[in-house]
Amino acid sequence: MAGFQNNYRAILDFLRPQDVTFGNPLTCDCSESVNHIATLSGNTTVNLTSLTAGMSGVITLTNNGVGGYTLGFGAAFTSLQNGSDTYDNTAAAVNIIEWSYDGTDVYYRLINIL
């Protein structure tokens with residue numbers, strides 16, 4: 001039973017959102033978690049590292065109190081919305097990126113929350 005509990009805890013830790021320090025690019029390391037949270041304080045491009053085929057997750061982006069920033073995606077990203085996705089760059093807006101990796105491309109969908 002202890003082995004099961006340890007594996008269960010490891011899975012929960014892997015799914016727990018990890019804070020990402022703002023940078024350009026905004027690099028989300030998937031070796032420790034597939035879910036990430038960041039506050040944007042400038043223009044940035046989102047990139048994922050340490051990917052394995054079949055991974056999927058969520059990146060939650062909140063604009064700081066200023067907003068007005070641009071958001072780009074790394075070369076491996078392909079929109080599931082045929083380019084019609086719109087990043088809400090207003091101050092304090094929350095945008096969620098749902099993503100899935102097939103071993104070659106990161107397919108994503110951008111959702112505006114607030």
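A short reminder: the numbers here are calculations on the coordinates, not readings from a lab. All values derive from a computational prediction rather than experimental measurement. Positions of Cβ are backbone-derived with ideal geometry, glycine not excepted, and every protein chain shown enters the neighbour counts.
Of all residues in the stretch 70-87, those being crowded, with 17+ Cβ neighbours inside 10 Å and over 13 Å from Asp105 (Cβ atoms) number 3. Scanning the stretch 38-80 for residues that are without any contact (Cβ under 8 Å) to a residue 24 or more places away in the chain and closer than 16 Å to Thr21 by Cα returns a single hit, Thr49. If I ask for residues that are buried (at least 16 other Cβ atoms within 10 Å of the Cβ) and closer than 13 Å to Val106 by Cβ, which ones from the stretch 37-57 would you list? Matches in the stretch 37-57: Thr45, Val46, Asn47, Leu48, Leu51, Met55, Gly57.
Within the stretch 73-93, being in a strand (DSSP E or B) and either of a type in the set (S, T, N, Q) or over 12 Å from the mean Cα position of the chain (by Cα) (or both) holds for Thr78, Ser79.
Number of residues in the stretch 6-59 that are hydroxyl-bearing (Ser, Thr, Tyr) and either under 19 Å from Gly103 (Cβ atoms) or more than 12 Å from the chain's Cα centre (by Cα) (or both): the value is 9.
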